[in-house]
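The values are calculated or read from the model by the stated rules, or taken from the named source; none is laboratory data. Since we're looking at a predicted model, the values are computed, not measured. No Cβ is skipped: glycine too gets one built from the backbone with ideal geometry, and neighbour counts run over all protein chains shown. Note: accessible area is taken over every heavy atom of the protein model, side chains too, but ligands, DNA and RNA are not part of it. Shrake-Rupley method; radii C 1.70, N 1.55, O 1.52, S 1.80 Å.
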Amino acid sequence: MPQGGSVVNTDPNCIFCKIVAGQIPAMKVYEDEAILAFLDIGPLAEGHLLIIPKEHAERLEEVNPDVLAQLARQLPRLARAVLSVTQAAGYNLLQNNGRVSGQEVPHVHFHIIPRAAGDGLGYRWLASKYPPGRGEELQKKLLEALG
Ligand code: AMP
Ligand code: ZN
């Protein structure tokens with residue numbers, strides 16, 4: 001695996017930057033010049049992977065889009081490997097941004113979480129409904145925000 005000796009943006013206090021720099025160990029499964037994938041140390045299921053950009057960024061919207069594209073290009077391969085090794089029936093791709101979302105490590109990461117029927121994992125998916133007009137109002141604001 002190519003090593004990441006030339007990463008520009010790093011945070012010396014960040015645990016994932018330390019993994020990238022080789023200062024603390026990780027069970028790495030894939031590495032290139034821009035991204036790293038390794039086993040989560042506290043797996044929700046066997047084979048639970050984390051995929052990170054090597055450069056430090058706390059949240060998705062702060063990541064260089066080219067780096068993100070490079071990460072996304074590897075997701076299908078990584079997911080296929082997890083599925084074939086674990087024989088999982090499916091998986092969740094999870095990506096938390098901000099403490100309120102459940103993000104504990106402030107270095108962008110994607111989880112691949114293998115799933116099996118009856119595994120007890122899941123989300124409280126508390127779906128609501130827009131009152132009349134509210135969806136359209138939000139759509140208008142978002143269209144404006146996106147220019
Ligand atoms: P999140 O809640 O989305 O920020 O997830 C952080 C994840 O990082 C958790 O699932 C942790 O188990 C995992 N984690 C924390 N430290 C390490 C580490 N040193 N090596 C591998 N995974 C880690
Ligand atoms: Zn970092």
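Given the structure, is Gln23 open to solvent by 40 Å² or more (accessible area, probe 1.4 Å) and either modelled with pLDDT under 95 or of a type in the set (S, T, N, Q) (or both)?
It is true that Gln23 is open to solvent by 40 Å² or more (accessible area, probe 1.4 Å) and either modelled with pLDDT under 95 or of a type in the set (S, T, N, Q) (or both).
Going by what's in this entry, would Ala127 be described as surrounded by fewer than 10 Cβ atoms within 10 Å (Cβ to Cβ) and free of Cβ contacts under 8 Å to residues at least 12 places away in the same chain?
Taking the combined requirement at face value, the residue satisfies it.
Please identify the pairs in which a residue from region 23-46 that is free of Cβ contacts under 8 Å to residues at least 60 places away in the same chain has its Cβ atom under 8 Å from the Cβ atom of a residue that is among the charged types (D, E, K, R) and within 12 Å of ligand 1 (Cβ to nearest atom), counting only partners at least 6 apart or on another chain.
As it stands, the answer is Ile24/Lys18; Leu36/Lys28; Ala37/Lys28; Phe38/Lys28, since those pairs meet every condition given.
Only one of these is of a type in the set (A, V, I, L, M, F, W, C) and open to solvent by 40 Å² or more (accessible area, probe 1.4 Å): Ala69, Ala88, Ala79. Name it.
Ala69
Yes or no: Gln74 in contact (Cβ under 8 Å) with a residue 40 or more places away in the chain, more than 16 Å from ligand 2 (Cβ to nearest atom) and either farther than 22 Å from Leu121 by Cα or in a helix (DSSP H, G or I) (or both)?
yes
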